[in-house]
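Each value in this text was obtained by applying a stated rule to the coordinates, not by laboratory testing. None of these values were measured; they are calculated from a predicted model. A quick note on method: Cβ atoms are made from the backbone with ideal geometry, for glycine too, and the neighbour counts reach across all protein chains shown.
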Amino acid sequence: MKKIALSFLTLAAASTLVLGAESDGEFVSLMDGKSFNGWKKAVENPDTWKVEDGAFVAHGPRCHLFYVGDEKPFVNFHLKMEVMTEPGSNGGIYFHTRYQERGWPKYGFESQVNATHSDWIKTGSLYGLVNIGRAAAPDRQWWTQEIIVKGRSVMVLINGQRLFEYTEPAGAQAGGDFTRKLSEGTFALQGHDPDSIIRYRNIQVKRLD
């Protein structure tokens, strides 16, 4: 079960604004397309994760895959990757998180991956903070999902179009069972449940520090 926290948010118009061109030469690849080099599976249900046709594939009981290829924490960054879902699938992209062996990640934020799963919170949503009920991309097609964090701002783009921008309120506190507060950390990909099949590939990041 994913838990939902409440917070203030700033939503930008989601239909027309497109991110300006940037140099791909500044991005660093986080995967080789052949192995889990630089990544570490949670202890629970590690067989959920496979590498197939250049992509990380999540298909099985809950298990998260954490990036451990760089000891320097990510604070401000531009993360982008290609994602594809099968019908009825649920997944997610975590940032500012930490490796943990079991359970839903306690630290960081989740950018939802979900086109047609029964959970009404759909792709790109900042889970529990900016919840969007309409899927921004369809199943069985690759889409590009980008997360840009700078200071107290989080922007999410789907296929180059800005879905929203969230601004963390001044004085926001991290409380409860989950710490959803901008800080620093690494990235993680979610294997959600046995009926979900999610593919992640071409994962790249650029530090904005």
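In table form, for the structure just shown:
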read-out	value
Nearest-20 debye value, the stretch 45-92 charge dipole, Cβ charges on Lys, Arg, Asp, Glu	180
Listed values (1) 19.0; (2) 16.9; (3) 18.5, entry calculated as Kirkwood radius over Cα pairs in Å	(2)
The chain - percent relative contact order, Cα under 8 Å, separation 6 or more	34
Extension gain, Asn159 back to Arg134 (0.36 nm per residue minus Cα-Cα distance, nm)	7.5 nm
Shape of the stretch 27-143, Cα gyration tensor, a/c cut at 1.5	rounded
Pairs from Lys34/Lys72; Lys106/Lys150; Lys50/Lys181; Lys50/Lys206; Lys181/Lys206; Lys72/Lys150 whose Cα-Cα separation, in the structure shown, is over 27 Å	Lys50/Lys181
DSSP-loop GluC sites (Glu not before Pro) across the stretch 87-158, with at most 14 other Cβ within 10 angstrom	Glu101
Exposure proxy order (Cβ contacts within 10 Å, fewest to most) of Arg207, Arg62, Arg134	Arg134, Arg207, Arg62
Relative contact order computed over the stretch 110-209 (Cα-Cα under 8 Å; 6+ residues apart), in percent	14
Backbone N within the stretch 29-49 under 19 Å of label point (7 Å from Val68 Cα along the Cβ vector)	30-49
Charge-dipole axis of the chain as Lys and Arg at +1 and Asp and Glu at -1 on Cβ define it, positive-most pick from Val43, Asn76, Thr116	Asn76
Percent RCO, i.e. relative contact order, over the stretch 99-161, from Cα pairs under 8 Å lying at least 6 residues apart	21
